[in-house]
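Reading through the structure tokens given below for one structure.
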Amino acid sequence: MFQKLWSTCLDEVVGFYLLHRFFYYQKQPLAVSSARETTPELQSGELDQFFSPKPDPAQLEYQSELRPASKTTFPSAEVKDFRFQSSVASGFPENDCVKGRHWKSTVQSTQNNIPERLTVVAVDGIVQLGVRSFNRLAERLTPHGIDVVMLDSPFNFRRTPPGYRPGQLIAGGNIDHQLMVARQGVLDLWSLILTLQSQGHRIGLMGISHGAWLTLTATLLVENLEFAHAITPPVDLLRILDEGGTVVNAIRRGASHDPPEESQLETLCKPLRLNQWQPLLSPDQIRLHIADFDRFVPSLRIAELAEQWGTRVSHHKLGHIEATTGPKVVYLVAEEILKRYQ
């Protein structure tokens, strides 16, 4: 009982803080887009058309770190940042330069059944301020010869335009803008995966919250993935307008600007609703992680998706903030990956 009370209070307090200190920062006006006029794919209601054309592998430009990783050292990894140009033009140059970080293991795997170049591509949640979760993942995996690659999602972390805060423009726009942000995030992730696959990497995915939605959407489109771990994914980006917690108020604000008819909204949002599609991965290659006391993302929808897809599922007696920012779930993901390939 105490754990539930603590987790609920933490989610509500942090949710209120994020709403006012990030999503409503400086009372920025909504990003009002008319993307449907220039990008007809947004009106298709079909998964393949919405996320088309299929992106090409990117040209990764590796460089010295764009921002310090942390004081953590990695004796088993070389840490480098990279960037590439997004295939989608959002109108914000800082956002359209995709950024990421690569923890490249310097250890040769001693396990015969761990692929030499197994790589976990990871994406964080809607307000990413650092790389702590992925440092933790790399600490566990790189000593075993497994790489970790982090992608900054659109309008997040180092892709945040001046005058805004990370994540603010993910939710801070009308329906057209939010559709374009979702499309760009998936296409950027897809392009990165294709790049790494072309270099001989075998790719598994790990996503946190909004990044977990990107990860699961990638499993609907991208072939030859090894596995996917999704931590507290928002499953239904239409129904979450009614069912989500405090932070979703920022999305509701944008969605209420010149809203389409309900039937049209259903069509527009269908490609963003995971429960409308089936993944290319087999069910035993996907694990969904549910925070039982989550006040941000409806846990019931995740459980329903696990049953619909037949995937593995893990329940955690935590709230959303504890599950997505604390070490427990990330370490469990790392241990399962190691167990799977040892």
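To the nearest 500 deg cm²/dmol, what mean residue ellipticity at 222 nm is calculated for the chain from DSSP H runs of n ≥ 4 alone, each contributing -39,500 (n - 2.57), summed and divided by the residues?
Numbers: 14 runs with 130 residues, N = 342.
Computed mean residue ellipticity for the chain: -11000 deg cm²/dmol.
Specify the inter-centroid distance of the range 228-258 and the range 137-155, based on alpha-carbon positions, in whole Å.
27
Cα-based count: Lys pairs in the chain below 22 Å, eight or more positions apart or different chains?
Taking the Cα cut-off of 22 Å, the pair count is 13.
How many Å² of accessible area per residue for the chain, probe 1.4 Å? Write down the numbers at each step before the final one.
On the way: 14490 Å² over 342 residues.
Result: 42 Å² per residue.
Share of the chain's accessible area from carbon and sulfur, percent, 1.4 Å? List each step's numbers first, then the result.
Numbers: 7310 of 14490 Å².
Solvent-exposed carbon and sulfur of the chain make up 50 percent of the total.
Based on the mean of other beta carbon atoms within 10 Å per residue, what is the order of 228-239, 52-63, 320-331, most packed first? Numbers along the way, then the final one.
Numbers: 228-239: 25.0, 52-63: 14.2, 320-331: 20.5.
Packing proxy ranking, top to bottom: 228-239, 320-331, 52-63.
I want to verify a result. In a Gaussian network model of the chain, Cα cutoff 10 Å, which of these has the top mean-square fluctuation: Gln28, Gln85, Gln168?
Gln28
Of the listed values (i) 11; (ii) 21; (iii) 46, identify the label whose number matches percent of Cα pairs over 37 Å apart calculated from this model.
Identified label for the calculated read-out: (i).
Any idea what the relative contact order of the chain is, in percent, if you count C-alpha pairs under 8 Å spaced at least 6 apart? Numbers along the way, then the final one.
Values: 697 pairs, mean separation 72.5, N = 342.
Computed value for the chain: 21 percent relative contact order.
The values are calculated or read from the model by the stated rules, or taken from the named source; none is laboratory data. Computed from a predicted model, the values in this text were never measured in an experiment. As a convention, Cβ positions derive from the backbone with ideal geometry for all residues, glycine included, and neighbour counts pool all protein chains shown. Accessible surface is based on the protein model in full, side chains and every heavy atom, while ligands, DNA and RNA are left aside. Shrake-Rupley method; radii C 1.70, N 1.55, O 1.52, S 1.80 Å.
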